[in-house]
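Bear in mind that the values in this text are calculations on the coordinates, not laboratory data. None of these values were measured; they are calculated from a predicted model.
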């Protein structure tokens, strides 16, 4: 699985503290394993959020990463709180 980052996602990651960045990296690196083994995804909270193909993974208690899937590529769209995720989904 390939992983690409949008400019928005990169900017949001830059604003995070070191512990959140490391947790985000750990969750992102777990994506291929989560899709390869459907029962192992519960640890990162992988779930489909929107019919347009937007997925979510958890980064700790307060942060979520949203991404889209196209073929074998995960395009990371947003990292943010629950409220930021809701706002993003309303804009779709």
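Looking only at 14, 64, 51, which one moves most when the chain is put into a Gaussian network model with springs between Cα atoms under 10 Å?
51
Against the empirical 2.2 N^0.38 Å scaling, what ratio does the C-alpha Rg of region 2-90 come to? Present the calculation step by step, with values, prior to reporting the outcome.
Numbers: Rg = 12.0 Å, N = 89, 2.2 N^0.38 = 12.1 Å.
Dividing the Cα radius of gyration by 2.2 N^0.38 Å gives 0.99.
Using 0.36 nm times the number of residues separating residue 86 and residue 16, minus their current alpha carbon distance, what extension gain do you get?
Numbers: separation 70, 0.36 × 70 = 25.20 nm, distance 1.93 nm.
My answer for the length gained is 23.3 nm.
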